[in-house]
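Colleague: Below is a structure I'd like to ask you about.
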Amino acid sequence: MISKPHQLRRFGVCSLTALITGCVDQRVVGDTTIFSFELWVSCLLFALGVGGLSVVAIYVPLRRLGKSILVAVATFVFLLLAPCFLVDRVTVNSAQFTFRAGFWLWPNYHEVHFDDVQRIVLAKSKSNPNDRWIDCYLKSGKLDSVPIGDLIRGTPAKMIIDAAMENGIPVTNHWEEE
């Protein structure tokens, strides 16, 4: 029989392995690179949600209402979040980039055509340096602030910046300032 600490260690090793292997899928279609979360992320959240429903079904008859409510709320959250990871997406090509993320019913969507951009500022919050965004100042005078979340962080952000610079758009980088 395996003891509980061994089970926790095994779970930790499996979780760490999943995180190390990454959860962002990158594929190229024509001249467009598409970034999205791997399918297993949504499947895992959905499985946790379904598993939570099973636990609720067991706890409710046992009159453990407090624990049942907690598990029911967690299950509801997992089932609501699972579709978010299915529809989050970043696309980048030489002419534009698009960003779609957030809650699946009310997504945060940005479509930025490089022909419409006057300049780009890579901004970060003074209070929380992990809060970053790409400020696209458009020729029309408007500002399109694209938040940098887990999906756009890293390679997608670098590709967006490189594509902007190839289109002759000046980029001011405040991310590297201390």
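The values are calculated or read from the model by the stated rules, or taken from the named source; none is laboratory data. A quick note: this is a predicted structure, and the numbers were derived from the prediction, not measured. Quick reminder, even Gly has a Cβ in these numbers, built from the backbone with ideal geometry, and neighbours come from all protein chains shown.
Colleague: Which residue out of 140, 145 is assigned to a strand (DSSP E or B) and farther than 17 Å from residue 24 by Cβ?
Modeller: When all the criteria are applied, what remains is 145.
For (1) loosely packed, with under 14 Cβ neighbours inside 10 Å; (2) in contact with a helix residue (DSSP H, G or I) (Cβ under 7 Å, 6 or more places away or on another chain), each residue gets a yes or a no:
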{"residue": "85", "(1), (2)": "no, yes"}
{"residue": "91", "(1), (2)": "no, no"}
{"residue": "98", "(1), (2)": "no, no"}
{"residue": "104", "(1), (2)": "no, yes"}
{"residue": "110", "(1), (2)": "no, no"}
{"residue": "114", "(1), (2)": "no, yes"}
{"residue": "125", "(1), (2)": "yes, no"}
{"residue": "137", "(1), (2)": "no, no"}
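Colleague: Something else: Considering the stretch 117-137 alone, what residues qualify as being within 19 Å of the chain's Cα centre (by Cα), assigned to a strand (DSSP E or B) and farther than 25 Å from residue 87 by Cβ?
Modeller: 122, 123, 124, listed by residue number.
Colleague: Pairs please, first residue from the stretch 157-178 and under 17 Å from residue 139 (Cα atoms), second anywhere and in a loop (DSSP other than H, G, I, E, B), Cβ atoms under 9 Å, 6+ apart in sequence or on different chains.
Modeller: 164/170; 167/94; 167/95
Colleague: I'm checking my understanding of the structure. Among residues of the stretch 148-178 that are surrounded by fewer than 13 Cβ atoms within 10 Å (Cβ to Cβ), in a loop (DSSP other than H, G, I, E, B) and modelled with pLDDT of 90 or more, which one is farthest from the chain's Cα centre (by Cα)?
Modeller: The residue in question is 168.
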